[in-house]
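Enquirer: Here's a structure for you.
The values are calculated or read from the model by the stated rules, or taken from the named source; none is laboratory data. Remember, it's a predicted structure, so these values are computed and weren't measured experimentally. FYI the Cβ positions are ideal-geometry reconstructions off the backbone, even for glycines, and counts take in every protein chain you see. Just so you know, the surface numbers come from the protein's heavy atoms only, side chains and all, with ligands and any DNA or RNA stripped out. Shrake-Rupley method; radii C 1.70, N 1.55, O 1.52, S 1.80 Å.
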2 protein chains.
Amino acid sequence: MDMKFLKSSDEMGNKGQIEKLEKLAKLIRYFILASTTEAGSGHPTSSLSATDLMTGLLFGGSFKFDVNNPDHQNNDRLIFSKGHASPLFYSLWAAAGKLEEKELMTLRKFGSPLEGHTTVAFPYVDASTGSLGQGLPIGLGMALNAKYIDKLPYRTYVLLGDSEMAEGSQWEALQVASHYKLDNLVGILDVNRLGQRGETMYGHDVDAYGRRVSSFGWDTIIIDGHSFDEILDAYERTLHASDKPVMIVAKTIKGKGVSFLEDKNGWHGKALNKEEYTQALKELNPVDKSIRGEILRPGDQKSIKQVDRDVQEVAYRMDKAVATRKAYGNALVRIFPKFPDMVVLDAEVSNSTYSEIFKEKYPERFFEMYIAEQNMVGTALGLSCRGKIPFISTFAAFFTRAFDQIRMSQYSDTNANIKFAGSHAGVSIGEDGPSQMGLEDIAMFRAVLNSVVLYPSDAVSTEKLVEEAAKHIGIVYIRTTRKDTPILYHDKEHFVIGGSKVLQKSDEDIITVIAAGVTVHEALAAYEELKKENTFIRVIDLYSIKPVDERTLREAAKETKALITVEDHFLEGGIGEAVRSALAEHATSVYSLAVKKMPKSGKPQELLDYEEISMKAIVKKIKEII
Amino acid sequence: MDMKFLKSSDEMGNKGQIEKLEKLAKLIRYFILASTTEAGSGHPTSSLSATDLMTGLLFGGSFKFDVNNPDHQNNDRLIFSKGHASPLFYSLWAAAGKLEEKELMTLRKFGSPLEGHTTVAFPYVDASTGSLGQGLPIGLGMALNAKYIDKLPYRTYVLLGDSEMAEGSQWEALQVASHYKLDNLVGILDVNRLGQRGETMYGHDVDAYGRRVSSFGWDTIIIDGHSFDEILDAYERTLHASDKPVMIVAKTIKGKGVSFLEDKNGWHGKALNKEEYTQALKELNPVDKSIRGEILRPGDQKSIKQVDRDVQEVAYRMDKAVATRKAYGNALVRIFPKFPDMVVLDAEVSNSTYSEIFKEKYPERFFEMYIAEQNMVGTALGLSCRGKIPFISTFAAFFTRAFDQIRMSQYSDTNANIKFAGSHAGVSIGEDGPSQMGLEDIAMFRAVLNSVVLYPSDAVSTEKLVEEAAKHIGIVYIRTTRKDTPILYHDKEHFVIGGSKVLQKSDEDIITVIAAGVTVHEALAAYEELKKENTFIRVIDLYSIKPVDERTLREAAKETKALITVEDHFLEGGIGEAVRSALAEHATSVYSLAVKKMPKSGKPQELLDYEEISMKAIVKKIKEII
């Protein structure tokens, strides 16, 4: 069938424009119903409520996108924060002529790029969504990039559900977007009244949303989400926003367009069966399947890329202890000339994580994210989707705040090129007590598909590993320590993802102690202690916890009687389990020293002793075994 | 020294009252400075800004508390959401005569109950804080309990910092508290302008906070946080709140009372040295160390406790498959008569988690928490602090949203008697795709100190384990499955925390397959398949993943050639690693089948095959090994 593309421009006048949008909206509603009925599951009603809003956006002349080049730097961005409305998303691109109807019919089938919730398997999706309350922070990152970094004219639109406004992450993003005056960011709030199991907290009270969002510093436009007149007018107004992001609060009907679905509870996440589908089509008809909608092309402005430069060498004095968190800050400054796509974010603790060292040198590439970690991770994902390399830092413990955002970013695959730096790891932070101690961060970051987990023990290895992290495409976690630790490595030493360092080794080694970060120093002290008694141990600095250096571990397992892991982290999911999993198929004894008692306030050394992860505990354990 | 207790009543008239509060505030400021200087670290300036607010609360006549009985059911509750102001918290109780000055001087020392951030080691603390943005949800739980469950007159006060208002969890709590019309909940927002590394987003703009909080449905009272007149008036007004929670927004000065600290950046989290301390004392003097403040006693109203009753027996037909998530809902209803302290919360997915079965039967004990998981966990902690047994449910994946709240609850020790039920675990959910799949939930909950992790495979074991969870005091995670699974156990079968079931066993077993939940059925199918070829395997249902049944595992390790774990979860931190850790010191080969590839949409069985955790994959792996 030859497709007839309906122009996006205003030539046809307002009436012609609206007639066109009505036709396209019918086609899109047809696609939504056909594909979900074929799939036998999915979210038709949540798609139908936003159909007019999205048809008006893409085909009404405000949205600019080169449909043949989803990577065009000036394409406007569209994020479905309500990722379950994926049938609508796919149908929009079908209506734009970029998906065949038969491809649409693979929705939710194994191997299809059209997944149940929008994922990057479909090339018009930048970031995978489906866990609610995550789209706005991602959009914020993209808008921040356009306004302050790439200085490009593209605009970012985020479709939001009303249920998901209950998520705190939304309000984190709202406040930060307002703080940064992101007038290139538009939220479209689809107030369809009904959540999954019934009415939302505010039902159809669009003013309640309007008041809240305005109080967070946004311009708000309240409209009927099924009136193309009001929809087009609202988008037109967002183009003239100044210093404020804009939220279009749209009153809509869930299931709009099909009488027996409209505003009915009990239809969330349910596909129509064949009879219901036939009935629905009768109501929709006539649908003109020969039409397609045109989307306006963006301009060709380019951002000015900085030229790559060489970096300085690492230079630390061997006799002066330096905290790895400080080396992290130093490294950011050192490597930025080589990685000009770097952007640094911090959650209001830059003077503790030492990202402030970067902020002082490159203030235009540092963004304060305040104490709102979920939004920080989402923003980083948005920046990463636009080609940046975000380095984001807070206390290791507080990244747990954003585990859902971290978890979701793995599904954006290589679009999630985020480097997480968690400081204040473990009980070795001392007096501040358990709330501030990262003791489950290794477990959390290991449980992310294709992640890299690094845990340097001194300033030199930190510098080198931060650089490796910047080179690597994907999610990297770097764990740093609060207190100063002695320099162990020469400035020229080489570190790689998946590597380790054997710091003590002899033919007489009876036991291997595997440590990382702060416990490397305890293991070395244990070596010295035992050497006095003519007992020799092998000491491995396992700075790369994921991937792990299996070869070196296996060699140690063969050559020594047993392995002992020592970590300033809870036992579960930590270094011990990483080592055991690496050696799983080779029967090996791996003893674990880890944080096993309720942590508390005290001096770092008191706490390392108390938790039995100090030199003393290592020596004691070795004597027990041999 | 004999202490002179200053009365809390109004007998002395307004002028006398204020003079008294001024004297007590001086004493408290002295305690704050003395204890932090002695500790050499801590947060004096963040304590000083809130000193007048808290002195006015405790000793101004609004707050009711039996100081000799912190467990009195009618004691007003006080939560320091800004847990770093712990020197103030301890000093308040010293000023109430419940801590000696020399005890105060143990602040932050190893073994002292006075930790760097408020923890339950100190008996006047209900819930440990220190990760910001967590106090209000906890207070909400306590207020919810007072108003709707115990129907007691106690009131709940939460001291909030201005920096932490950036956390989304605050806004989750604000909206839900307003939704439930909690007029017995009072927030006290200490707007001291300065965060850790500089000014907050809104500085001293108290109206910005006022507008936002009001738009979320709270009454707000804006005051000068150092005027006892205004402070006392504000508390008096909160006593007359009706159907709305109240937020006192107080403009304060960080470091108030010591000129060289006042409103100065760079003093966050720093103690004074000896010289600075001497200088500060000069400004404070005279301090009357002989006085103490009286706190009014509460009344003696009691809540009406329901009488325990027997529960019905479990009854499932062996020939009808039932989803474990559904059995979870059934179990809640069945066991409630035996555990009348149960309260059920859900994050807007009760028709998926099946907590709706409970809601229908006991609507007065069910609270809709909407899509705001962080607040749900905090609320549960608050309820638990008041003696309730909260069962809280959402998709397993979405508990990651609240990892920081889960992590923090472990530090409230047995006060965190929370039962988490995560449904839709693993790739076996099918078409909805990765965003909805819980694949790191076992890793997350295992990495919680003293947690219990249960993963039943059929309806009967689910029922029994939900009952065990209710009996157990502490954090329990129950993982359920979306799809129907066959009944494996007779109604009388016995299940215990730390147990397992050997489902297939013979003298000819060559390999042991260890499974849990949905993979138990795959393992049993593999058993049948291999039996045809006269190959016998042992099959263990490891329904208790933490603690784990070491004895049975060790026996299997001895009696069969190798162990294979099979789990619908990522490899890291999951069942395989739990088994390996249990057997760590006994060299054993433990092969692991787990989710290792990027998950996607598809039919449950397609996905189990794709991830190689199905019957086929088990058979294949066994053939490889033998």
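Enquirer: Is it the case that the stretch A:401-424 has a residue that's in contact with a strand residue (DSSP E or B) (Cβ under 7 Å, 6 or more places away or on another chain) and in a helix (DSSP H, G or I)?
Expert: So in the stretch A:401-424, the residues in contact with a strand residue (DSSP E or B) (Cβ under 7 Å, 6 or more places away or on another chain) come out as A:417-424.
From the residues that got through so far, the ones that are in a helix (DSSP H, G or I) too are none.
Checked the stretch A:401-424: no residue is in contact with a strand residue (DSSP E or B) (Cβ under 7 Å, 6 or more places away or on another chain) and in a helix (DSSP H, G or I).
Enquirer: Further question on the same structure: Report, by residue number, each residue of the stretch B:191-221 that is more than 29 Å from B:SER242 (Cβ to Cβ), buried (at least 19 other Cβ atoms within 10 Å of the Cβ) and more than 8 Å from chain A (Cβ to nearest Cβ).
Expert: Once the filter is applied, which keeps residues that are more than 29 Å from B:SER242 (Cβ to Cβ), buried (at least 19 other Cβ atoms within 10 Å of the Cβ) and more than 8 Å from chain A (Cβ to nearest Cβ), the stretch B:191-221 yields B:ASN192, B:ARG193, B:LEU194.
Enquirer: May I ask you to say which residue of B:SER423, B:SER384 is away from chain A (no Cβ under 12 Å), farther than 23 Å from B:LYS483 by Cβ, of a type in the set (Ser, Thr, Tyr) and out of contact with any Leu (no Cβ under 8 Å at 6 or more places or on another chain)?
Expert: One residue alone meets the criteria, B:SER384.
Enquirer: Among the residues of the stretch A:111-151, write down those that are among the hydroxyl-bearing types (Ser, Thr, Tyr) and farther than 29 Å from B:TYR370 by Cβ.
Expert: A:SER112, A:TYR124, A:TYR148
Enquirer: For the stretch A:95-133, name all the residues that are on the phi > 0 side of the Ramachandran plot and within 9 Å of chain B (Cβ to nearest Cβ).
Expert: Residues satisfying the conditions are A:ARG108, A:GLY111, A:GLY130, A:GLY133.
For every residue, the table says whether it meets (1) under 24 Å from the mean Cα position of the chain (by Cα); (2) more than 13 Å from every other protein chain (Cβ to nearest Cβ); (3) crowded, with 24+ Cβ neighbours inside 10 Å.
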residue	(1), (2), (3)
A:ASP319	no, yes, no
A:VAL322	no, yes, no
A:ALA327	no, yes, yes
A:VAL344	yes, yes, yes
A:THR353	yes, no, yes
A:LYS361	no, yes, no
A:ILE371	yes, no, yes
A:ASN375	yes, no, yes
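Enquirer: Is it the case that the stretch A:301-309 has a residue that's among the hydroxyl-bearing types (Ser, Thr, Tyr), under 30 Å from the mean Cα position of the chain (by Cα) and surrounded by fewer than 19 Cβ atoms within 10 Å (Cβ to Cβ)?
Expert: Taking every residue of the stretch A:301-309 in turn, at least one turns out to be among the hydroxyl-bearing types (Ser, Thr, Tyr), under 30 Å from the mean Cα position of the chain (by Cα) and surrounded by fewer than 19 Cβ atoms within 10 Å (Cβ to Cβ).
Enquirer: Given B:ALA416, B:ALA447, B:ALA402, which one is touching a Cys at 6+ places or on another chain (Cβ under 9 Å) and open to solvent by less than 10 Å² (accessible area, probe 1.4 Å)?
Expert: B:ALA416
Enquirer: Name the residues in the stretch B:102-135 that are of a type in the set (A, V, I, L, M), in contact with a Lys or Arg (Cβ under 8 Å, 6 or more places away or on another chain) and more than 10 Å from B:TYR411 (Cβ to Cβ), would you?
Expert: Passing the criteria: B:LEU114, B:LEU132.
Enquirer: Okay, moving on. Do you know which of the residues in the stretch B:555-569 that are under 34 Å from the mean Cα position of the chain (by Cα) and not hydrophobic (A, V, I, L, M, F, W, C) is farthest from the other protein chains (Cβ to nearest Cβ)?
Expert: If we take residues in the stretch B:555-569 being under 34 Å from the mean Cα position of the chain (by Cα) and not hydrophobic (A, V, I, L, M, F, W, C), then B:ASP568 is farthest from the other protein chains (Cβ to nearest Cβ).
Enquirer: So, one more: Determine which member of the set A:ALA25, A:ALA39, A:ALA34, A:ALA50 is closer than 30 Å to A:TRP267 by Cα and within 14 Å of chain B (Cβ to nearest Cβ).
Expert: Residue meeting the stated conditions: A:ALA39.
Enquirer: So is B:ASP150 touching a Pro at 6+ places or on another chain (Cβ under 9 Å) and more than 12 Å from chain A (Cβ to nearest Cβ) or not?
Expert: Judged against the criteria, B:ASP150 is not a match.
Enquirer: Counting only residues that are in contact (Cβ under 8 Å) with a residue 12 or more places away in the chain and more than 8 Å from chain A (Cβ to nearest Cβ), which one in the stretch B:600-615 is nearest to A:GLN410 (Cα to Cα)?
Expert: B:GLU611
Enquirer: Check the stretch A:494-504 and report whether any residue there is over 26 Å from A:ASP341 (Cα atoms), of a type in the set (Lys, Arg) and open to solvent by less than 40 Å² (accessible area, probe 1.4 Å).
Expert: Yes, the stretch A:494-504 has at least one match.
Enquirer: Something else about it: Taking the stated definitions as given, is B:LEU99 more than 23 Å from A:MET437 (Cβ to Cβ) and either assigned to a helix (DSSP H, G or I) or open to solvent by 10 Å² or more (accessible area, probe 1.4 Å) (or both)?
Expert: Yes: the conditions hold for B:LEU99.
Enquirer: Against the definition (open to solvent by 10 Å² or more (accessible area, probe 1.4 Å) and over 30 Å from B:ASP484 (Cβ atoms)), how does B:GLU313 come out, yes or no?
Expert: Against the criterion (open to solvent by 10 Å² or more (accessible area, probe 1.4 Å) and over 30 Å from B:ASP484 (Cβ atoms)), B:GLU313 does not qualify.
Enquirer: Looking at A:GLU467, A:GLU440, which one is out of contact with any Pro (no Cβ under 6 Å at 6 or more places or on another chain) and open to solvent by 10 Å² or more (accessible area, probe 1.4 Å)?
Expert: Just a single option satisfies the conditions, and that option is A:GLU467.
Enquirer: Filter the stretch B:107-121 for residues that are among the hydrophobic types (A, V, I, L, M, F, W, C) and touching a Phe, Trp or Tyr at 6+ places or on another chain (Cβ under 6 Å) and give the result.
Expert: Quick first cut of the stretch B:107-121, residues among the hydrophobic types (A, V, I, L, M, F, W, C) only: B:107, B:110, B:114, B:120-121.
The answer is B:LEU114, and nothing else.
Enquirer: Among the residues of the stretch A:241-283 satisfying the criterion of being within 30 Å of A:ARG155 (Cβ to Cβ) and open to solvent by 50 Å² or more (accessible area, probe 1.4 Å), which is farthest from the chain's Cα centre (by Cα)?
Expert: If we take residues in the stretch A:241-283 being within 30 Å of A:ARG155 (Cβ to Cβ) and open to solvent by 50 Å² or more (accessible area, probe 1.4 Å), then A:LYS256 is farthest from the chain's Cα centre (by Cα).
Enquirer: Can you confirm whether A:PHE228 is of a type in the set (Phe, Trp, Tyr), buried (at least 18 other Cβ atoms within 10 Å of the Cβ) and within 14 Å of chain B (Cβ to nearest Cβ)?
Expert: Here the answer is no, as A:PHE228 does not meet what is asked.
Enquirer: Take the residues in the stretch A:426-437 that are at the interface with another protein chain (Cβ under 7 Å from one of its Cβ atoms) and assigned to a helix (DSSP H, G or I), then tell me which one is surrounded by the fewest Cβ atoms within 10 Å (Cβ to Cβ).
Expert: Of the stretch A:426-437, the ones at the interface with another protein chain (Cβ under 7 Å from one of its Cβ atoms) are A:431-436.
Subsequent filtering for residues that are assigned to a helix (DSSP H, G or I) retains A:434-436.
Details: A:PRO434: 27, A:SER435: 26, A:GLN436: 23.
Checking each candidate, the answer is A:GLN436.
Enquirer: Filter the stretch A:158-189 down to the residues that are more than 7 Å from chain B (Cβ to nearest Cβ) and surrounded by fewer than 24 Cβ atoms within 10 Å (Cβ to Cβ), then identify the one that is nearest to B:ARG212 (Cα to Cα).
Expert: A:SER178
Enquirer: Can you name the residue in the stretch A:15-66 that is farther than 23 Å from A:ASP233 by Cβ and outside any helix (DSSP H, G or I) and is also most open to solvent (accessible area, probe 1.4 Å) among such residues?
Expert: A:GLY40
Enquirer: On to the next question. Only residues in the stretch B:570-595 that are within 7 Å of chain A (Cβ to nearest Cβ) count as the first member; pair them with residues that are assigned to a loop (DSSP other than H, G, I, E, B) and among the β-branched types (Val, Ile, Thr), Cβ under 9 angstrom, at least 6 apart or cross-chain, and list the lot.
Expert: Qualifying pairs under 9 Å: B:PHE570/A:VAL448; B:GLU572/A:VAL448; B:SER581/B:VAL548.
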